[in-house]
Amino acid sequence: MLEKVSDVEVLREKFILHRLRQVSRFGRYDIESFLEEQAEADLPDCEHHDQDSDCFWCWLTDSEVFRLPETISVLDLFKTTLTPVCVKTCQLRLCDLNPYRALLENAESAKFYVGRDRFIVMVGQDKTSVFEMRENPDHPNKTEFLCRPFGAEFGYTALAIADLLMAEWMRKTGQSALARSILVSSIQIQVCQERGRAGDDFDASVAVSNDGSKIIKASWIVVYDPKTKMMMFHRPDWFAANKMKIGEHKRRALPGKQLTVPNAKDIDSFTEIVTFVRNELIGKIPDGSQVVIPLGRKSEPILFISGNHLQKDVPVGVCQVQLP
């Protein structure tokens, strides 16, 4: 019998925290409590990031995660929050500015806003530019000096703003509290949005791992009973509300060609899936296996399950096929 999941809400929260911890998101389980603490901190917590040798704030300015809310005008930050500095004395944590100071100082009547790590923004009369200093991939001991246009549509602009806000916070200027508030609250908004997306993904899933870190979403669940040789096609709705555990024998099947999504109103549309399962899976996988069958980029896969009868409360499948 296929095993249903208990403590769904506990697993849901574990899945959300696992999603937040991924490096492509925020890199730590405790990001929400961490940001609450940072919202009141005099200085950013620069302890080591739990998945890297760098601190969270340094990691953030190199992660392409940071985004300013649409309600904040990027250019207005230079008038209300950020403090210009003298390029003759400023420093960047990751780069030596000395070779470039003369170039920067030649910009007449421009104001310079210097970040903590590697960004400088020059606000001139006619245009605003972003200077980024980074290691040359071909010459690790040398630095590249990149000059790019400034604009909200460019991802590196958001990283530069995060770097500048962090520097403002660390320098304890008159605007440090405001810079901290904008930086922290911007990430809190993103965390809240990601939490919502992760929760929606979990709610739509039909199976989840014991530790809550993995889920399976499916457009159809196909259950094959080897005793009766009956194949039943189920919509995902019931399974989304009564999630299964991802089994030990879960695998992925790669069809030779892209399969089409069955249509409940057209019984013949199930034929292609039935043929594939009969030819490629039945008799070739152990009893109790769960097989994910991809259907293309725009469609959720089909989950095929080979095992004994489902629980008694499972509704009858939309389509039932008796195999010879």
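Structural remarks
- Among the criteria (1) surrounded by 14 or more Cβ atoms within 10 Å (Cβ to Cβ); (2) out of contact with any Gly (no Cβ under 9 Å at 6 or more places or on another chain), the one Met166 does not fulfil is (2).
- Taking (1) at pLDDT 80 or above; (2) of a type in the set (Ser, Thr, Tyr); (3) out of contact with any Gly (no Cβ under 9 Å at 6 or more places or on another chain) in turn, Tyr100 satisfies each apart from (1).
- Which numbered condition Thr157 misses (of (1) touching a Pro at 6+ places or on another chain (Cβ under 9 Å); (2) free of Cβ contacts under 8 Å to residues at least 60 places away in the same chain; (3) of a type in the set (Val, Ile, Thr)): (2)
- The range 98-114, residues that are among the polar types (S, T, N, Q) and within 20 Å of Leu75 (Cα to Cα): Ser109
- Selection status of Thr83, under 28 Å from Val184 (Cα atoms) and under 31 Å from the mean Cα position of the chain (by Cα): no
- Count of residues meeting criterion [in a helix (DSSP H, G or I), exposed (fewer than 15 other Cβ atoms within 10 Å of the Cβ) and of a type outside the set (Val, Ile, Thr)] in the range 272-290: 1
- Considering the range 238-271, and only residues there that are outside any loop (DSSP other than H, G, I, E, B) and touching a Pro at 6+ places or on another chain (Cβ under 8 Å), the residue that is farthest from Gly288 (Cα to Cα) turns out to be Ser269.
- Subset of the range 16-30 that is in contact with a Lys or Arg (Cβ under 8 Å, 6 or more places away or on another chain) and of a type outside the set (Lys, Arg) - its residue that is modelled with the lowest pLDDT: Gly27
- Scanning the range 196-241 for residues that are loosely packed, with under 14 Cβ neighbours inside 10 Å, among the acidic types (Asp, Glu) and either closer than 25 Å to Thr275 by Cα or at pLDDT below 95 (or both) turns up Asp211, Asp237.
- Looking only at the range 199-237, residues that are among the charged types (D, E, K, R) and more than 23 Å from Asp287 (Cβ to Cβ) come to 7 in all.
- Only one of Thr157, Thr143, Thr128 that is assigned by TED's automatic domain parsing to the domain that holds Leu77, of a type in the set (Val, Ile, Thr), at pLDDT below 80 and surrounded by 11 or more Cβ atoms within 10 Å (Cβ to Cβ): Thr143
- Residue in the range 243-261 that is without any contact (Cβ under 8 Å) to a residue 12 or more places away in the chain, outside the structural domain of Ala198 (by TED's automatic domain parsing), of a type outside the set (Val, Ile, Thr) and over 30 Å from Leu17 (Cα atoms) present: yes
- Tabulated pairs, the range 66-91, first touching a residue at least 40 places away in the same chain (Cβ under 8 Å), second surrounded by fewer than 16 Cβ atoms within 10 Å (Cβ to Cβ) and part of a loop (DSSP other than H, G, I, E, B), C-beta under 7 angstrom, 6+ apart or interchain: Val74/Ala152
- Flag for Leu259 being within 30 Å of Phe150 (Cα to Cα) and more than 23 Å from the chain's Cα centre (by Cα): no
- Conditions (1) at pLDDT below 85; (2) buried (at least 19 other Cβ atoms within 10 Å of the Cβ); (3) within 22 Å of Val114 (Cα to Cα): number failed by Leu2: (3)
- Hits in the range 255-271 - residues which are in contact with a Cys (Cβ under 7 Å, 6 or more places away or on another chain) and surrounded by 17 or more Cβ atoms within 10 Å (Cβ to Cβ): Phe270
The values are calculated or read from the model by the stated rules, or taken from the named source; none is laboratory data. All of these numbers come straight from a predicted model, not from anything done at the bench. When we count neighbours, we look across all protein chains shown, and the Cβ atoms used for this are built from the backbone with ideal geometry, even at glycine.
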